[in-house]
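Comments concern the structure below.
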Amino acid sequence: MNYKPIDWVDERLGTAKFTRKSLNKIFPDHWSFMLGEIAMYSFFILLGTGVFLTFFFVPSSADIVYHGSYAPLDGHVVSQAYASTLDLSFNVRAGLVMRQMHHWAANVFVAAIVVHLLRVFFTGAFRKPREINWLVGSLLLMMAILEGFLGYSLPDDLISGTGIRIAYSITLSVPIVGSYLASFLFGGQFPGDKIIPRFYTIHILLVPALMAGLLGAHLAIMWHQKHTQYKGKGKTEKNVVGVAMWPAYAMQAGGFFFLTAAVIAALGGLAQINPIWMYGQYIPYKVSYAVQPDWYMGWLDGALRLFPSWEITGFGHMIPTIFFPAVLLPGITFGLLMGWPWIERIFTKDTQAHNLLDNPRDNAWRTSIGVGVMAFYMVLFFASSTDVLANAFNLSLNFVLWAFRALVFVVPPIAAYVAYKLAKEASSASRAGRPRKAMVVSRSNEGEYTTEESDPRIEVELKRSAMHSEVPQPLPEEASFHAAEATGEGTSESEGGLAMSASSLSSAATGEMSERPSGGPEVYQVPPGTPGSGGGLFSPRGPKLSRSFEDPEEEK
Amino acid sequence: MSSSTPELEQEKVKVGLVKTSESRFEKVVAVSFALSLLASIGLGIVYWQGGQTQAEGALLFFALGGLGFGIVAWGKYLVPQGPYVQEREELKSPESERAVLIESLERGVTQIERRSFLVKLLGVSIAAFGVITLFPFIRSLGPQPKKMLYVTNWKKGSALVRSDGSKVRASDLEVGGVLTVFPEGHAGGAISQTILIRPSFEDIVTKPGRETWGPQGYLAYSKVCTHAGCPVGLYQELTQQLLCPCHQSLFDVMTGANPVFGPAPRPLPQLPLEIDSQGFLLAQAGYDEPIGPGFWERA
Ligand code: HEM
Ligand code: FES
């Protein structure tokens, strides 16, 4: 291998230390830590597909006569935004896939953020020292929702236009400054021709740039503070146990990007989303019904439907009814969300730093509050389909509306209570959630059957395929580096670069690392392709074990 | 670190443990990458042939999925997984570090504060600059609302026209008929859109004071919902109600479009109508109140 570039860069930027630490960073392994990654990868896919869309989309509400390849609309007067979206869908190669992938990725993005947030909430990962990342994450969520709404509005179709109309009314409803805010944001009175170009700039430049910055901060902080980890053998508040960044984590996480992209691509190609040619161009006096916004807007739509028609007037002023469900409710929602780490602290009086995660069942109070709040927003979400539900089940709208008005108050406390009870129950059952031991049934030569619990060692052994070591141990390079540093040996390292550290390491490492009499440089020269070459390296009995796994019979 | 005993080996055979050989994973990874390669080639061909959405989606799935699955499997089963352990470094800096930081900060502050007049002037200057530059930024974005939200294009004598601009005659609608109308010269306008309904042939009085507003059974209401501004488009003849499709508010046509169901807080404003000597429908006057959703300045 050629180490010149490493030397070259390091001599100019001094990056070797950071890079070394990064390569040797340990990541706790748990499926729930993937949720944030899905969000991040969806964001990348949004950037990629979004750039493609900008090459073809024309952000203008100026009218033109449509003569494109979608015959039913031939000769209609439509806006350029609408026409260019049709062209993008029908005439640009791979255009529709890209457009639908972009839309699907947006839905996946917000969903992944929300589930990630729930994971962080229920495991208590937001506690000290991670409050800042909780705030950054909440901002990301708000921006993701805003960004999704802006993007949804761009094609200028009937549904999105209706959405903008409602957004305008909501802006108008803000006390004192509402009429100014609405006029300044929407460039005058609705509809106007400034909205689409303006939303376009915000959608493709302003919000993505802010999100990229916040995401960078989110990741940098996470990197710096190191991951939380679930409780388990060998895991403490003061260490991190898991796989190494290089190469295992890098490969798993990098590969996971492609998997996320694959699913989004399949959705984008095979599952139709937002077929604007079926809705038609936005015409302010036309409506379509059973209109449903993207899922993450559902709770707001539901709240708008359920909130009673109260409007406050007095002293020559008015607080319009939609202010309460559409401005106050989101304000309270995100306010409480962002404040949660501090709100919880009022009750727990807990000022300790936490790196070990709570099992949700062990913190029944937090879990039940979380479940109750989730239930509240779920009811609102379903309330956004009152008309659809009434039609589907042949009920009167009146009944459905009042049922939901009741449910929104009834369901959350019940859900919270049930969650509380379940959590208490589960955490008192000592072995709950742990894997059961296998029962081994064997038949003797005489035909007699015996049952016994399998040797627990097998479970352990099973996991110890060649790639797993028995006990958590430091990475050898790190161990030797720190040992060398402690004895003052490490100082000579800069000279030889990485190639040297490998040899200086072995002697230093052996002492505290393993009982192996001498690690020796040959540790790093296992011929490629040797079975168990990776695993055998760091686990003293790796090679042997893997041999026995390969072919147990052979040993006889 | 007990080594693998013969009993343990036997036990493994007994429970029929799957042989997890590395070469098997190697094969899986190879197949996965090969699949991706084939799908990419296929994608190229589809694209070259002019593209086809579903094929593109499916092939993208295999091209990306093959890569992803292969890399993840490789990273999970063919490289060491540890577990490794790493100590967390203390996030907090040593007390001495903070002490020096505070001292340094204070040194700077005292050095600056010595010239308190300059500090104040600088503050005022920056604030002034900020406010002045903010002003065009915000102020140029849109007009001041002024009377904007109070007026529509309806005036005394405006003829009612359809979206194509043609005038409406009193003989045009049957009982139960509905039509979206605009003031002449503003066909298609979002603010002035009005719904014209004919529930009967007789004059209709919806409210006291509106005795002459509904000649020959014609009623006209603002089509902009008082809830969140959607067009109130659906007339249900049977119940004589107007439905807003956005959040299902219902307005009772015969009693001045009072909201009878749903979240809408106010009746739809009614447009006073008259019929001229040639039988055309005209507005007696504009709306006597702001149309649409509420806002702060509106009493
Ligand atoms: C654009 C959206 C987001 C992206 C791309 C993102 C990405 C990530 C990633 C990759 C991680 C590390 C893996 C993990 O713990 O799952 C992480 C950690 C974290 N995220 Fe997010 N996240 C987003 C939104 C949020 C939101 C909405 C919150 C909460 C309000 C949040 C709070 C946190 C916290 C507290 C951590 C540290 C948790 C730990 O170390 O265990 N994030 N984020
Ligand atoms: S906009 Fe008409 S009910 Fe909400």
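Every read-out reported here was derived from the displayed coordinates using simple, explicitly stated rules and does not represent laboratory data. Predicted, not measured: the structure shown is a model, and the values here were computed from it. All Cβ positions, even for glycine, are placed from backbone atoms using ideal geometry, and neighbour counts span all protein chains on display.
Taken residue by residue and averaged, Cβ atoms of other chains lying within 10 Å of the Cβ of B:237-249 number 4. Annotation: amide H-H contacts under 5 Å for A:L357 (H modelled 1.01 Å from N, sequence separation of 5 or more, or interchain): A:Q229, A:Y230, A:K231.
Applying 1/(1 + (r/R0)^6) with R0 = 30 Å to the Cβ-Cβ distance of A:T351 and A:T236 gives a FRET efficiency near 0.95. Amide H contacts under 5 Å for A:N239: B:R88, restricted to partners 5 or more places along the chain or on a different chain, H placed in the peptide plane at 1.01 Å from N. With distances taken between every two different alpha-carbon atoms, the protein assembly as shown has a Kirkwood hydrodynamic radius of 32.5 Å. For GluC sites (Glu not before Pro), the sites in the range B:87-177 that DSSP calls loop and that have at most 13 other Cβ atoms within 10 Å are B:E89, B:E90, B:E174. In the protein assembly as shown, a dipole from Cβ-located charges (positive for Lys and Arg, negative for Asp and Glu) runs towards its positive end, and of A:G370, A:V400, A:F347 it is A:F347 whose Cα lies farthest in that direction.
Computed from label points 7 Å out along Cα-Cβ, the spacing between A:S396 and A:E452 is 7.2 nm.
Between B:S125 and A:W8, what FRET efficiency comes out of the Förster formula 1/(1 + (r/R0)^6) with R0 = 35 Å and r the beta carbon distance, rounded to 0.05? Calculated transfer efficiency: 0.15. Rounded to the nearest 5, the antiparallel percentage of DSSP beta bridges internal to the protein assembly as shown is 90%.
Separation of the range B:150-209 and the range B:31-97 by C-alpha centroid, Å? Here the answer is 61 Å between Cα centres. Rounded, prolate or oblate: which one fits the range B:25-110, using the alpha carbon gyration tensor with axes a ≥ b ≥ c (rounded when a/c is under 1.5, else prolate when a/b beats b/c, else oblate)? In terms of gyration-tensor shape, oblate.
Taking a ≥ b ≥ c as the square roots of the eigenvalues of the alpha carbon gyration tensor, chain B is oblate, as a/c is not under 1.5 and a/b does not beat b/c. The slack in the chain from A:H67 to A:T15, taken as 0.36 nm per residue of separation less the alpha-carbon distance, amounts to 13.0 nm.
Calculate the FRET efficiency for A:I221 and B:N153 from the Cβ-Cβ distance with a Förster distance of 56 Å, rounded to the nearest 0.05. Efficiency, from the Cβ-Cβ distance: 0.55. The 3J(HN,Hα) values that the Karplus relation (6.51, -1.76, 1.60; θ = phi - 60°) gives for the range A:472-478 are, in residue order, x, 9, x, 4, x, 4, 5 Hz. Gly and Pro appear as x.
Neighbours of A:P59 by Cβ distance under 13 Å: Lys/Arg scored +1, Asp/Glu scored -1, total 0. Around the amide H of B:C225, modelled in the peptide plane, lie the amide H atoms of B:C230, B:V232, all under 5 Å away and 5 or more residues distant in sequence or on another chain. What the phi angles of the range A:85-93 give under the Karplus curve with 6.51, -1.76 and 1.60, with θ = phi - 60°, is a coupling list of 5, 5, 4, 4, 7, 10, 10, 8, 4 Hz, glycine and proline written as x. Modelled spin-label separation between A:L118 and B:E90, with each label point placed 7 Å from Cα along the Cα-to-Cβ direction: 4.0 nm. Could you sort out which of B:K146/B:K223; A:K424/B:K76; A:K194/B:K147; A:K128/B:K120; A:K226/A:K421; A:K238/A:K349 sit more than 29 Å apart by Cα distance in this structure? Those over the limit are A:K424/B:K76; A:K128/B:K120; A:K226/A:K421. Per-residue 3J(HN,Hα) values for the range A:391-399, derived from phi via the Karplus relation 6.51 cos²θ - 1.76 cosθ + 1.60 with θ = phi - 60°, read 5, 5, 9, 6, 9, 7, 4, 4, 5 Hz in sequence order (x marks Gly and Pro).
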